[in-house]
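Trainee: My questions will all concern the structure given below.
The values are calculated or read from the model by the stated rules, or taken from the named source; none is laboratory data. The model shown is predicted, which means the values in this text are computed figures rather than measured ones. Don't worry about glycine lacking a Cβ; one is built from the backbone with ideal geometry, like all the others, and counts go over all protein chains shown. Accessible surface areas use protein heavy atoms only, side chains included; no ligands, DNA or RNA. Shrake-Rupley method; radii C 1.70, N 1.55, O 1.52, S 1.80 Å.
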Amino acid sequence: MKLTLTPEEQQFRDELRTFFTTEMPIQLRDKVRAGVELSRDEMVAAHRILNDGGLASPNWSVEFGGKDWTPLQFHIWLDELHRASSPMPNTFNTTLVGPLLIEFGSPEQQEKFIPPTANLDIWWAQGFSEPEAGSDLAAVKMRAVRDGSDYVLNGQKTWTSEAHLADWIFCLVRTDPNAPKRQQGISFILVDMKTPGITVRPIELIDGYHEVNEVFFDNVRVPAENLVGEENKGWDYAKFLLGNERGAARSVRPLRMDIEKAKRAAASTLLGGRPLLEDPHFAARIADLECRIDALDITLLRVVGESSNGKPSSASSVLKLLDSELQQEVTELLLDVSGRDADPIYADGGLRTEVWTQHAARRYFNMRKKSIYGGSSEVQRTIVASSILGL
């Protein structure tokens, strides 16, 4: 495997590095570096800077504004985004629904939705999980009944990220409750969040942050033209979309940057009169994480190299599993190193430590979700066993 860049690839990297460090405002990058949440307006502004530079959705086909990049160029793009602490483009738009509409949407849907999706003029939410259908999406019960030129939707979605910010939502709905298999009889439909009958109720997380929601549909009428692909074939489209979501972790740069933060903090933290960084147990913990991050990086490059035509590799479940475990362990490390500073409730506004330490507790709690959403770690292990190892 080639692990060094050619002169052409180095030039490509340098051009991206220049763009991200000169076009993206430093105020936004400082917030991302410190782990401070951006407002909706800030996220939209950052996304549009990337889109204006042709760098919001390079994974799309050239016909729809993407780049004809090699997998390695795409990897470099993402790595430089993280290196600069640039805000990421909106994942729901660029990684999930955008590629799905390009692959399966009608020409009319592509004309209507692709440009505003690329520019974040439309902010999408994902309506998959339900109270009894989280990681087991085949259990979705939300109904869509055809009535003339409309579908009538009734049911509930839950854990819906950023539904309170979204303009539209893409949903898995049950269109044939009598299908012989649970994976059959499901359809994929696009819904305007302003449609009468939709209610969004916030779910307050353990850290007090508002990120996810319950979304209720009460006789919501949706034009039949908003059905993507064929009726009752939604399971196939969901697998395509989730494959992209699981394969989205394509850079270990954030993990490496977090490890460096932990080292810097540990170097100035005394334990028994000596820097914490010199403690053998702490050093072993750091070494273990760094070795596993290196292993993930190598695996990542192999998976990227095997991907073709923009379709996710079957090994994306391996990446999802390993990335989830490492992000949880690294945020636990940051929490431990930050100590009491990780919970600013005790600070009375007098903390002088780096801002990231004061968000360490929140990140720790938030990353617990990594091993659940997009298919739990148990689901990923089952996929690896059956689809990759043939067990």
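Trainee: Any idea which residue in the stretch 93-136 is most open to solvent (accessible area, probe 1.4 Å), counting only those that are touching a strand residue (DSSP E or B) at 6+ places or on another chain (Cβ under 9 Å) and over 21 Å from residue 225 (Cα atoms)?
Mentor: 131
Trainee: A further question follows. What strands (runs of 3 or more DSSP E) lie completely within the stretch 139-258 and have 3 or more residues being without any contact (Cβ under 8 Å) to a residue 24 or more places away in the chain?
Mentor: Filter on the stretch 139-258 gives 198-204.
Yes/no matrix, rows are residues, columns are (1) modelled with pLDDT of 95 or more; (2) open to solvent by 40 Å² or more (accessible area, probe 1.4 Å); (3) more than 27 Å from residue 33 (Cα to Cα); (4) over 21 Å from the mean Cα position of the chain (by Cα):
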{"residue": "265", "(1), (2), (3), (4)": "no, no, no, yes"}
{"residue": "274", "(1), (2), (3), (4)": "no, yes, yes, yes"}
{"residue": "287", "(1), (2), (3), (4)": "yes, yes, no, yes"}
{"residue": "297", "(1), (2), (3), (4)": "no, no, no, no"}
{"residue": "314", "(1), (2), (3), (4)": "no, yes, yes, no"}
{"residue": "317", "(1), (2), (3), (4)": "no, no, yes, no"}
{"residue": "324", "(1), (2), (3), (4)": "no, no, no, no"}
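Trainee: Would it be correct to say that residue 42 is among the acidic types (Asp, Glu) and touching a Phe, Trp or Tyr at 6+ places or on another chain (Cβ under 9 Å)?
Mentor: Spelling it out, it is not the case that residue 42 is among the acidic types (Asp, Glu) and touching a Phe, Trp or Tyr at 6+ places or on another chain (Cβ under 9 Å).
Trainee: Taking into account only those residues within the stretch 26-37 that are modelled with pLDDT under 95 and buried (at least 16 other Cβ atoms within 10 Å of the Cβ), which is nearest to residue 261 (Cα to Cα)?
Mentor: 33
Trainee: State yes or no: is residue 37 touching a Lys or Arg at 6+ places or on another chain (Cβ under 9 Å) and not in a helix (DSSP H, G or I)?
Mentor: Details: touching a Lys or Arg at 6+ places or on another chain (Cβ under 9 Å): yes; not in a helix (DSSP H, G or I): yes.
Considered against the rule, which asks whether it is touching a Lys or Arg at 6+ places or on another chain (Cβ under 9 Å) and not in a helix (DSSP H, G or I), residue 37 comes out as yes.
Trainee: Still on this structure: Of the residues 83, 13, 17, which is in contact with an Asp or Glu (Cβ under 6 Å, 6 or more places away or on another chain), open to solvent by 30 Å² or more (accessible area, probe 1.4 Å) and within 15 Å of residue 251 (Cβ to Cβ)?
Mentor: Result: 17 is the single residue among 83, 13, 17 that is in contact with an Asp or Glu (Cβ under 6 Å, 6 or more places away or on another chain), open to solvent by 30 Å² or more (accessible area, probe 1.4 Å) and within 15 Å of residue 251 (Cβ to Cβ).
Trainee: Kindly evaluate residue 70 against the criterion of being open to solvent by 30 Å² or more (accessible area, probe 1.4 Å), within 30 Å of residue 260 (Cβ to Cβ) and of a type in the set (Val, Ile, Thr). Spell out how you get there, then give the answer.
Mentor: Details: open to solvent by 30 Å² or more (accessible area, probe 1.4 Å): yes; within 30 Å of residue 260 (Cβ to Cβ): yes; of a type in the set (Val, Ile, Thr): yes.
Taking the combined requirement at face value, the residue satisfies it.
Trainee: As an exercise: evaluate residue 23 against (1) within 22 Å of the chain's Cα centre (by Cα); (2) over 23 Å from residue 261 (Cβ atoms); (3) surrounded by fewer than 18 Cβ atoms within 10 Å (Cβ to Cβ) and give the number of the one condition it does not meet.
Mentor: (1)
Trainee: Assess whether residue 102 counts as being in contact (Cβ under 8 Å) with a residue 40 or more places away in the chain and β-branched (Val, Ile, Thr).
Mentor: yes
Trainee: Give the residues of the stretch 38-54 that are surrounded by 13 or more Cβ atoms within 10 Å (Cβ to Cβ), within 25 Å of residue 258 (Cβ to Cβ) and either without any contact (Cβ under 8 Å) to a residue 24 or more places away in the chain or acidic (Asp, Glu) (or both), sorted by residue number.
Mentor: 42
One line per residue, one yes/no per condition, for (1) at pLDDT below 95; (2) within 21 Å of the chain's Cα centre (by Cα):
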| position | (1), (2) |
| --- | --- |
| 202 | no, yes |
| 205 | yes, yes |
| 222 | no, no |
| 237 | yes, yes |
| 251 | yes, yes |
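Trainee: So is residue 68 modelled with pLDDT under 95, touching a helix residue (DSSP H, G or I) at 6+ places or on another chain (Cβ under 7 Å), closer than 24 Å to residue 374 by Cβ and among the charged types (D, E, K, R) or not?
Mentor: The answer is no for residue 68.
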